[in-house]
Amino acid sequence: MSLPTRRALLAAPALALAAAAPAAPGLQARASRHGRFYGSALNVDALAADPALLVHIRQECGILVGEYSFKWAELEPQPGVFDYAKAEELMAFAARSGLRMRGHTLIWHEAMPQWLQEQLSPATGETLMRRYIGTVAGHFRGRLAHWDVVNEPMHPEDGPPFGLRDTPWLRALGPGYLDLAFHSCAEADPGALRVLNEFGIDYAIDWQERRRVKLLELLAHLRAHGVPVQAVGMQAHLDAAERALDQKVLERFVADLAGLGLKVIVTELDVRDDGLPADIAVRDAAVAAHARAWLDAVLPNPAVLGVLTWGLSDRHSWLDARFPRRDGLPQRPLPLDAQLRRKPLWAAIAASLEQPPAP
Ligand code: G3I
């Protein structure tokens with residue numbers, strides 16, 4: 001039996017695809033009741049490989065983000081050779097499905113093509129960054145809701161000012177690399193919300209408290225110097241076994257971000273369960289309760305625009321490779337299970353999204 005081609009799958013009548021979708025309103029419908037959004041990361045390979053997932057993406061989401069296709073290694077694999085094919089496939093799917101797209105990510109110390117790692121230096125850094133952001137953000141101008149302009153710049157343990165991570169960009173341009181990135185993006189696509197995206201700012205543990213404090217200092221400095229950063233992405237890669245979830249700490253941090261005039265987006269929510277027992281009901285309940293407690297502390301602030309999970313179904317999660325369970329069972333970090341059924345985590349996200357923002 002020959003498999004349907006990617007073109008045939010993508011041309012499948014939406015009605016036929018939609019027939020399998022569940023009836024109850026999806027997460028986006030529930031989020032939009034209070035002016036928020038819900039969405040998910042999507043790997044471009046799923047467009048041809050997983051039509052069933054796409055039905056649920058359309059049912060649940062209002063916005064998508066490419067898991068990999070908008071990263072430098074994918075968009076400019078060789079210097080001056082831009083390849084937008086996979087990114088544009090995701091854009092086309094989103095457009096056909098009535099979904100918005102967010103860009104992830106322009107400047108990061110990972111997913112850098114080899115040639116860039118070799119060529120980046122104090123002498124070349126500004127030209128390379130201006131050219132890349134001008135070209136790529138210019139290419140998508142007017143079509144993206146947000147850009148993660150700088151991804152994961154914080155690592156206070158490294159020692160540089162403002163708790164910045166010691167990355168090739170910091171070594172080439174100093175802390176001003178962030179200024180240049182945000183100004184370049186504002187010039188190339190003024191309509192895309194400009195986001196600084198970070199992880200490890202979720203729990204009341206020392207290294208994360210240090211990261212929150214230094215991030216707030218950095219953001220205050222950037223805003224005071226007219227750097228056009230508009231929002232913070234809280235990646236929210238959570239751990240159901242982490243007990244130091246303090247809602248007051250989260251509420252205060254989000255209030256501090258809002259106090260700087262910044263919006264907040266939950267950009268990559270998932271909940272690792274490798275520290276939990278194998279029993280599925282036990283894991284699902286603990287994952288849901290953990291996410292609910294975290295979201296109930298964050299979402300009520302009116303500065304919070306919405307939530308994306310880093311995938312929609314347990315069929316595919318980076319966590320299985322990065323944090324494999326000792327018992328070898330697949331993790332269950334996302335709203336739908338591998339059979340695309342809604343889980344307790346789905347209900348927890350729905351319930352938290354249905355709470356109105358604080359007055
Ligand atoms: O290398 C191939 C490339 O040639 C091919 O075009 C592409 C097609 O999809 O696949 C590439 O393979 C791997 C890719 O994931 C598959 O999508 C890359 O080698 C691998 O490095 C890449 O890993 C991604 C990782 O970021 C690094 O970019 C993960 O899928 C993705 O889940 C992970 O996501 C990150 C966020 O961007 C930032 N926050 C943390 C999060 C989890 O690590």
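Taking segment 319-359 as the range and being aromatic (F, W, Y) and in contact (Cβ under 8 Å) with a residue 60 or more places away in the chain as the test, only W346 passes. Here R272 meets the list (1) closer than 23 Å to L106 by Cα; (2) within 21 Å of the chain's Cα centre (by Cα); (3) open to solvent by 10 Å² or more (accessible area, probe 1.4 Å) almost entirely, failing just condition (1).
Filtering segment 317-326 for residues that are of a type in the set (A, V, I, L, M) and either in a strand (DSSP E or B) or open to solvent by 10 Å² or more (accessible area, probe 1.4 Å) (or both) leaves a non-empty set. Which ones in segment 186-224 are over 19 Å from R165 (Cα atoms) and touching a Phe, Trp or Tyr at 6+ places or on another chain (Cβ under 8 Å)? Result: D189, A192, L193, R194. Of all residue pairs spaced 6 or more apart or on separate chains, those with beta-carbon atoms under 9 Å, a first member in segment 301-315 that is farther than 14 Å from R100 by Cα and more than 16 Å from the ligand (Cβ to nearest atom) and a second member that is small (G, A, S) and assigned to a strand (DSSP E or B) are A303/A231.
With respect to (1) farther than 17 Å from R36 by Cα; (2) crowded, with 21+ Cβ neighbours inside 10 Å, the lone exception for T267 is condition (1). For L106, the test of being hydrophobic (A, V, I, L, M, F, W, C) and more than 28 Å from G306 (Cβ to Cβ) is failed.
What are the pairs with Cβ atoms under 9 angstrom where one residue, in segment 96-116, is more than 14 Å from the ligand (Cβ to nearest atom) and the other, located anywhere, is open to solvent by 10 Å² or more (accessible area, probe 1.4 Å) and part of a strand (DSSP E or B)? Sequence gap at least six, or different chains. These pairs meet every condition: R100/F37; W115/Q78.
Of all the listed residues (A293, A303, A297, A286), the sole one being surrounded by fewer than 22 Cβ atoms within 10 Å (Cβ to Cβ) and more than 20 Å from the chain's Cα centre (by Cα) is A286. L353 passes every criterion in (1) out of contact with any strand residue (DSSP E or B) (no Cβ under 6 Å at 6 or more places or on another chain); (2) crowded, with 22+ Cβ neighbours inside 10 Å; (3) farther than 19 Å from I63 by Cα apart from (3). Each residue in segment 38-57 was checked for being crowded, with 20+ Cβ neighbours inside 10 Å and either away from the ligand (no atom under 15 Å from the Cβ) or more than 27 Å from E110 (Cα to Cα) (or both), and 6 pass.
The set of residues from segment 322-338 being within 15 Å of the ligand (Cβ to nearest atom) and under 18 Å from the mean Cα position of the chain (by Cα) comprises R322, P333, L334. Pairs are defined by a Cβ separation below 6 Å, a sequence spacing of at least 6 or placement on different chains, a first member in segment 130-154 that is surrounded by fewer than 15 Cβ atoms within 10 Å (Cβ to Cβ), and a second member that is in a helix (DSSP H, G or I) and not aromatic (F, W, Y); the pairs so defined are G138/A188.
In segment 129-160, of all residues being part of a loop (DSSP other than H, G, I, E, B) and touching a strand residue (DSSP E or B) at 6+ places or on another chain (Cβ under 8 Å), the one that is farthest from the ligand (Cβ to nearest atom) corresponds to R143. If you filter segment 181-222 down to residues that are among the aromatic types (F, W, Y) and not in a loop (DSSP other than H, G, I, E, B), you find that the one that is nearest to L262 (Cα to Cα) is F182. For segment 275-282, indicate whether the set of residues that are surrounded by fewer than 22 Cβ atoms within 10 Å (Cβ to Cβ) and within 15 Å of the ligand (Cβ to nearest atom) is non-empty. Looking for residues that are surrounded by fewer than 22 Cβ atoms within 10 Å (Cβ to Cβ) and within 15 Å of the ligand (Cβ to nearest atom), one finds none in segment 275-282, hence no.
Taken over segment 75-95, the criterion of being surrounded by 19 or more Cβ atoms within 10 Å (Cβ to Cβ), of a type outside the set (G, A, S) and within 12 Å of the ligand (Cβ to nearest atom) is satisfied by L75, L90. Of the residues making up segment 220-234, those that are surrounded by 14 or more Cβ atoms within 10 Å (Cβ to Cβ) and without any contact (Cβ under 8 Å) to a residue 60 or more places away in the chain are A220, H221, L222, R223, V227, P228, Q230, V232.
The values are calculated or read from the model by the stated rules, or taken from the named source; none is laboratory data. As the structure is a prediction and not an experimental result, all values here were calculated from the model. Using ideal geometry, Cβ is built from the backbone for each residue, glycine included, and neighbour counts are taken over all protein chains shown. Surface areas here come from the heavy atoms of the whole protein model, side chains and all, with no ligands, DNA or RNA. Shrake-Rupley method; radii C 1.70, N 1.55, O 1.52, S 1.80 Å.
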